[in-house]
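Quick notes on the structure that follows.
The values are calculated or read from the model by the stated rules, or taken from the named source; none is laboratory data. A quick note: this is a predicted structure, and the numbers were derived from the prediction, not measured. Cβ placement follows ideal geometry from the backbone for every residue including glycine, while neighbour counts extend to all protein chains displayed.
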Amino acid sequence: ASAIYRADYQAPAWLIETVDLTFDLDPAKTRVLNKMRIRRNPGVPAQALRLDGDELNLARVMVNGGGTSFKMDGSQLVLENLPEGSDPVELEIFTTCAPAKNTKLMGLYVSEGTFFTQCEAEGFRRITYFLDRPDVMALYTVTLRANRHDYPVLLSNGNLVDAGPLDDGRHFAKWVDPHKKPCYLFALVAGQLVAREQKIKSRAGREHLLQVFVRPGDLEKTEHAMNALMHSVAWDEARFGLSLDLDRFMIVATSDFNMGAMENKGLNIFNTKYVLASQSTATDVDFANVESVVGHEYFHNWTGNRITCRDWFQLSLKEGLTVFRDQEFSMDMAGTPSARAVKRIEDVRVLRTAQFPEDAGPMAHPVRPDSYIEINNFYTVTIYEKGSEVVRMQHNLVGRDGFAQGMKLYFQRHDGQAVTCDDFVQAIADANPGSALAQHLEQFKRWYSQSGTPVVQARGQYDAAAQTYALTLSQSCAATPGQADKLPFVIPVEIGLLGQDGSALPLQLQGTDATTASQTLVLTEATQTWVFTGVAQAPVPSLLRGFSAPVVLDYDGSDAELLTQLAHDSDAFNRWEAGQRLALRYALQAVHADGAVATDILPGDFVAALRDVLRHPTLDAAYKDLVLTLPAESYMAEQLDVVDPQRIHAVRESMRQQLAEALQADWAWAFDTHSATGAYQPDPISSGRRALTGSALLMLCLAARTSGDTAWPGKAYQRFKDAGNMTDRFNALSALVHSGAELAKPALERFHALFKSEPLVIDKWFSLQASNCDRGGQVLPAVKQLMKHADFSLKNPNRARSLIFSYCSANPGAFHRTDAAGYVFWSERVLELDAINPQVAARLARALDRWSKLAEPYRTAAREAIARVAAKPDLSNDVREVVTRALG
Ligand code: HT7
Ligand code: ZN
């Protein structure tokens, strides 16, 4: 397949005004009658009508009630002789498709006997012939007909206007969506479902019905999702003045889904993983994810659905903005400044461990890409997470109120339209004429067009006599595929200065009167210097506070400076960051050192500083847990030009073991003092306490490995058995498994027996074993054995992710084997999955993106494995694009 280029965008020659769809639902053969009213797009030169289709059986085409000539061009249906002068044209297309055979889970498919659709990005063409592009927006009427016994619930977008019985035990439902929408937001669901319902009244006084549909038996696990939905509705009204524009808002859960969830207009379809939550089956992280994904999809109703994308190159217009909105929602829900900081750190961790590697690898692309082969490959951390950071920088440059004004202007200008990323940033800047964003607007847009992570180098000079501190910031960005040279970005760098005792020093820029505690410097040139006056002592700079821009900060502060920040920085993000920088520094020194990995990599003063954080009287447990967590192996790998995954793994393991042993008494104290009592609540404070006790338990079990003490593994087993919630139970199980305790085996067996009828919990069971610490190469054989387990299926994306992805993408120490068996396993699974579900296969294919940085023998073996996949002649476009780019 050939690439599609952003520069080739042309407005559609035809517009679709109305669509009237009738479905006769049958798993083996569903009939779809599609009646459209279409018009020529005035101002666009006349062209034949070219409708997209994919794996459809075409039975009939009619124009204005009569027969017509048509031809097929590849998978497109082409009508060249549509009547001139008769506008609009009534077009009728009758097709059939086979939902039960649809393992790609795009278009119309069957999951556990229920019909679902997934149309974004290009799935609607697998349902009927259509102009399958987001800038064609139409009004939809949908009639669903199906057997009443098997499919009692029939849902589509909008309002239910009619329903009733038909012959032969069948029934029908007719839905009308009052809002124009692109076809990627179409949805239908038909099956045996039950709903939790809630009536709400918006601030504006309008009544709405909220419904969460699940399989019978799962209803009691929907309370949290419903609460999250109600909070989302209220939050969008309060923060952005955006109200729900529908009478009815539905969420439906399915266990077969390629991604997390889908924002279809008024009928969101969710992976069960992001809907179902009960204290006995879901962890605190699951509860938080449900809230954030429910929010994300709901917020799309305005940012994505009311204003949508002109073309798929603009995907981050809706995704980056909606991630920003869901992150803000989670922070506002979390409440305290400390809980906000925890959420910010978690988001930055995702960015740094997943997006930075993507931006430095073969799949690097701008937030607004210039070309793609398969759009499904571009639902990436760059589009989502970096896109959100780009919106966050705009927010910070214009301020919270200025951003709200910008959003208002964006909706005034573009409601009901399909627009571009440029339109968005233009609205934010126009609403804030005096802002740094407006001042540097064209340059700021480089964040959308240039890929790669900029590096900001910071160098400070203190002049004791003049009491000035000069800070020089320089920026650079390495070449990325297709982009050899980069122009300077607009980089907001929030800074503060600390005294040697950690106290905040006032900031006064030379030539200004005002003093502040924190200030945002806007770096626009390759190099700029700022001079601060009245600086009474050599300061410790606190740079890039709150992670004010998605860059790598290169500042060679001393260990002493970082220890000061770790103990005192008033910016919670930078306090955490100081600990991470120190840990990274010691880790890299150990990676580069000759000989066997040392057992005392961490210096005593650093261990003592961590102890102080752990024992701190006022810091939140969640925050302590993040400070005490070492940087991920993948993040360490990104700092190196040549990566020996086994060495990195050994270094991180050794550091963790050292922390386990050196702080043994402190971990025991942390465990005892943070062990929760009372009723389970998934709020940030109690979740944080559980996270810290979980880490403490693991550390205590790790320490027991060397001491031979069996008390803590025994305690962990007891806790595993007695736990009143999944978080404590799973943390205890993980502590046993990851520390290699003998009790891990019986605990795993017991866990499976307890939860064998809970698919999402069984996913955890597979995932835990696949991400286990590899002591002696046992993980791969275990994974292979688990593939034979009766509960395993490659066809279910959640299950495939839980076992195969957990091993290949999240367990570097077990995956990168000197005998190359991990890579052979990966290539076999990519090919096997590609025949079932190319989208999921292409995600797995990305596990070896960074192969060219690997040391030998890994590098050659990884390249050979990728080449073996690439050599398969009938690969999907999805996997072909990933492996071709990887091989460069
Ligand atoms: N906008 C949704 C994207 C999505 C998707 C894309 C391709 C294939 C399957 C998919 N399922 C959902 C998800 C979101 O960002 O809200
Ligand atoms: Zn989204």
Restricting the stretch 180-215 to residues that are out of contact with any strand residue (DSSP E or B) (no Cβ under 8 Å at 6 or more places or on another chain), surrounded by fewer than 23 Cβ atoms within 10 Å (Cβ to Cβ) and not charged (D, E, K, R), the residue that is modelled with the highest pLDDT: Gly205
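Looking at the stretch 826-836, can you tell me whether even one residue there is touching a Phe, Trp or Tyr at 6+ places or on another chain (Cβ under 8 Å), assigned to a helix (DSSP H, G or I), touching a residue at least 40 places away in the same chain (Cβ under 8 Å) and not assigned by TED's automatic domain parsing to the domain that holds Gly361?
Taking the stretch 826-836 first, the residues touching a Phe, Trp or Tyr at 6+ places or on another chain (Cβ under 8 Å) are 826.
If we keep only those that are assigned to a helix (DSSP H, G or I) too, we end up with 826.
Still in the list and also touching a residue at least 40 places away in the same chain (Cβ under 8 Å): none.
No: zero hits.
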The listed residue being assigned by TED's automatic domain parsing to the domain that holds Pro550 and at pLDDT below 95, out of Asp513, Asp485: Asp513
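Could you please find all residues in the stretch 88-115 being part of a strand (DSSP E or B), of a type in the set (A, V, I, L, M) and either modelled with pLDDT under 95 or more than 16 Å from ligand 1 (Cβ to nearest atom) (or both)? First the steps, then the outcome.
Pass one, the stretch 88-115, residues part of a strand (DSSP E or B): 89-97, 107-111, 114-115.
Keeping just the survivors that are of a type in the set (A, V, I, L, M) gives 89, 91, 93, 108, 110.
Matches in the stretch 88-115: Val89, Leu91, Ile93, Val110.
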On the basis of being among the acidic types (Asp, Glu), more than 16 Å from ligand 2 (Cβ to nearest atom), surrounded by fewer than 24 Cβ atoms within 10 Å (Cβ to Cβ) and farther than 20 Å from Phe573 by Cβ, does Asp284 make the cut? no
Of the residues that make up the stretch 292-302, is at least one within 16 Å of ligand 1 (Cβ to nearest atom), under 30 Å from Leu640 (Cβ atoms), modelled with pLDDT of 95 or more and not aromatic (Phe, Trp, Tyr)? no
Within the stretch 318-344, take every residue that is hydrophobic (A, V, I, L, M, F, W, C) and more than 28 Å from Asp415 (Cα to Cα) and give me the one that is nearest to ligand 1 (Cβ to nearest atom). Ala334
Within the stretch 791-823, which residues are surrounded by 19 or more Cβ atoms within 10 Å (Cβ to Cβ) and among the hydroxyl-bearing types (Ser, Thr, Tyr)? Ser802, Ser806, Tyr807, Ser809, Tyr823
Let me spell it out: the conditions are (1) in contact with a helix residue (DSSP H, G or I) (Cβ under 6 Å, 6 or more places away or on another chain); (2) without any contact (Cβ under 8 Å) to a residue 60 or more places away in the chain, and Lys318 meets all of them except one. Which number is the exception? (1)
Looking at the structure I just gave you, is Glu112 assigned by TED's automatic domain parsing to the domain that holds Leu33, touching a residue at least 12 places away in the same chain (Cβ under 8 Å), surrounded by fewer than 21 Cβ atoms within 10 Å (Cβ to Cβ) and within 23 Å of Asn271 (Cβ to Cβ)? yes
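Please enumerate the residues belonging to the stretch 333-357 that are among the polar types (S, T, N, Q) and within 16 Å of ligand 2 (Cβ to nearest atom). Write out each step before concluding.
Just the residues of the stretch 333-357 that are among the polar types (S, T, N, Q), to begin with: 336, 338, 353, 355.
Selection gives Gln355 alone.
Listed here are the residues, each with its yes/no results for (1) among the small types (Gly, Ala, Ser); (2) away from ligand 2 (no atom under 16 Å from the Cβ); (3) surrounded by 23 or more Cβ atoms within 10 Å (Cβ to Cβ).
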{"residue": "Val323", "(1), (2), (3)": "no, no, yes"}
{"residue": "Asp359", "(1), (2), (3)": "no, yes, yes"}
{"residue": "Ile375", "(1), (2), (3)": "no, no, no"}
{"residue": "Ile383", "(1), (2), (3)": "no, no, yes"}
{"residue": "Ser388", "(1), (2), (3)": "yes, no, yes"}
{"residue": "Arg400", "(1), (2), (3)": "no, yes, no"}
{"residue": "Phe411", "(1), (2), (3)": "no, yes, no"}
Can you name the number of the only condition in (1) of a type outside the set (Asp, Glu); (2) surrounded by 21 or more Cβ atoms within 10 Å (Cβ to Cβ); (3) closer than 24 Å to Ala288 by Cα that Ala741 fails? (3)
Condition test on Asp52, is it surrounded by fewer than 19 Cβ atoms within 10 Å (Cβ to Cβ) and charged (D, E, K, R)? no
Considering only residues of the stretch 57-102 that are surrounded by 15 or more Cβ atoms within 10 Å (Cβ to Cβ) and hydroxyl-bearing (Ser, Thr, Tyr), which is nearest to Leu131 (Cα to Cα)? Thr95
Search the stretch 303-316 for residues being more than 12 Å from ligand 2 (Cβ to nearest atom) and not in a strand (DSSP E or B), and hand back the single one that is surrounded by the most Cβ atoms within 10 Å (Cβ to Cβ). Gln314
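State all residues of the stretch 477-512 that are farther than 20 Å from Asp463 by Cα and of a type in the set (D, E, K, R); if no residue qualifies, say none. Before the answer, list the steps.
Taking the stretch 477-512 as the starting set, the residues that turn out to be farther than 20 Å from Asp463 by Cα are 477-494.
Residues satisfying the conditions are Asp485, Lys486, Glu494.
If I ask for residues that are part of a loop (DSSP other than H, G, I, E, B) and over 19 Å from Ala596 (Cβ atoms), which ones from the stretch 643-666 would you list?
The first filter runs over the stretch 643-666 and keeps only residues part of a loop (DSSP other than H, G, I, E, B), leaving 644, 663.
Result: Leu663, single match.
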Confirm whether Phe299 is away from ligand 2 (no atom under 15 Å from the Cβ), over 24 Å from Arg850 (Cβ atoms), in contact (Cβ under 8 Å) with a residue 40 or more places away in the chain and outside the structural domain of Cys421 (by TED's automatic domain parsing). no
Looking only at the stretch 400-438, which residues are within 27 Å of Leu471 (Cβ to Cβ) and either touching a Pro at 6+ places or on another chain (Cβ under 9 Å) or β-branched (Val, Ile, Thr) (or both)? Ala436
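Got at least one residue in the stretch 231-251 being of a type in the set (Gly, Ala, Ser), within 25 Å of Val761 (Cα to Cα) and outside the structural domain of Asp332 (by TED's automatic domain parsing)? Quick ask: steps written out before the conclusion?
Restricting attention to the stretch 231-251, the residues satisfying the condition of being of a type in the set (Gly, Ala, Ser) are 232, 234, 238, 241, 243.
After this cut, where a residue has to be within 25 Å of Val761 (Cα to Cα) as well, the list is none.
No, every residue in the stretch 231-251 fails to be of a type in the set (Gly, Ala, Ser), within 25 Å of Val761 (Cα to Cα) and outside the structural domain of Asp332 (by TED's automatic domain parsing).
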Within the stretch 216-274, residues in a loop (DSSP other than H, G, I, E, B), surrounded by 19 or more Cβ atoms within 10 Å (Cβ to Cβ) and among the small types (Gly, Ala, Ser) come out as Ser255, Gly266
Working only within the stretch 116-131, note down all residues that are within 14 Å of ligand 1 (Cβ to nearest atom) and outside any loop (DSSP other than H, G, I, E, B). Phe116, Thr117, Gln118, Phe124, Arg125, Arg126
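Can you tell which of Asp571, Asp612 is surrounded by 21 or more Cβ atoms within 10 Å (Cβ to Cβ) and not assigned by TED's automatic domain parsing to the domain that holds Glu661? Explain how you work it out, then say what you get.
Details: Asp612 fails: surrounded by 21 or more Cβ atoms within 10 Å (Cβ to Cβ).
Residue meeting the stated conditions: Asp571.
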Within the stretch 837-888, the count of residues that are outside any loop (DSSP other than H, G, I, E, B), surrounded by 19 or more Cβ atoms within 10 Å (Cβ to Cβ) and within 16 Å of ligand 1 (Cβ to nearest atom) comes to 13
